[in-house]
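Note sheet for the following structure.
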Amino acid sequence: MPDTTERRPYHHGNLRTDLLDAAERSLRAHGAEQLSLRDLARDVGVSHAAPRRHFADRRALLDALAESGFTRLGEQLRAAVNEIGDEHDLPARLHAFASAYVLFATENAALTELMNSSKHRPGATAVSEAAAAAFGQISDLIEDGQERGELEGDDPEETGLIIYATVLGITSMLNSGMIEPARLEGLVGTAVTQFLRGARPAEPR
């Protein structure tokens, strides 16, 4: 049977989005090592050359997927904190932030792994900027808590890294099977409580 791949029409419209959606499905099912532009082209029904209109190579596709993941994560973190509202104290908003991150990272384990491995890669500027935009929100929360007198006045970015490292560790343990999913919410609550207890300003003598 003759190969008709080259005669498939170029997919006008949302080809980039379709390719990223297909790439994320493949990533979830098979991991990053199995991703290829040719396979994705076949999955979305275009010629094997069509994806190169949007992605120069496989690395560019992976970076775009990581960038898209950070953009989506940032939106979910923002929505979770906004739902709580500024009128609530820092513990409630920080808990919402941590819970939203953990939910995203456990529901999208393979994507999160790709995001974290891509953000510091030399040349992946768009990925690192998307990551900074997503996680910059925690610095904003910390800074607001400091202004309200709920936290000590250390560097908000460094202070935020502590809570991020904690919830990252929790999700990594869950994704690797070291802890049961039923313990997740309780561990997040404990992490936030312990963090805030340690960062609380000292009581005046």
Does the range 171-186 hold any residues that are more than 19 Å from N116 (Cα to Cα) and either in contact (Cβ under 8 Å) with a residue 40 or more places away in the chain or part of a helix (DSSP H, G or I) (or both), and which are they? P181, A182, R183, L184, E185, G186
Would you mind stating whether A131 is aliphatic (A, V, I, L, M) and open to solvent by less than 20 Å² (accessible area, probe 1.4 Å)? yes
Looking only at residues that are open to solvent by 30 Å² or more (accessible area, probe 1.4 Å) and of a type in the set (S, T, Y) in the range 169-188, which one is farthest from the chain's Cα centre (by Cα)? S176
Of the conditions (1) touching an Asp or Glu at 6+ places or on another chain (Cβ under 8 Å); (2) surrounded by fewer than 12 Cβ atoms within 10 Å (Cβ to Cβ), the single one that P156 does not satisfy is (2)
Looking at the range 47-91 only, could you name the residues that are of a type in the set (A, V, I, L, M, F, W, C), touching a residue at least 60 places away in the same chain (Cβ under 8 Å) and farther than 16 Å from D21 by Cα? L77, V81, L90
Any chance the range 106-128 includes a residue that's of a type outside the set (D, E, K, R), at pLDDT 90 or above, open to solvent by less than 40 Å² (accessible area, probe 1.4 Å) and more than 22 Å from E33 (Cβ to Cβ)? no
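The values are calculated or read from the model by the stated rules, or taken from the named source; none is laboratory data. These numbers were taken from a predicted model, which means no experiment stands behind them. All Cβ positions, glycine included, derive from the backbone under ideal geometry; neighbour counts span all protein chains shown. Only protein heavy atoms, including side chains, enter the accessible area calculation; ligands, DNA and RNA are left aside. Shrake-Rupley method; radii C 1.70, N 1.55, O 1.52, S 1.80 Å.
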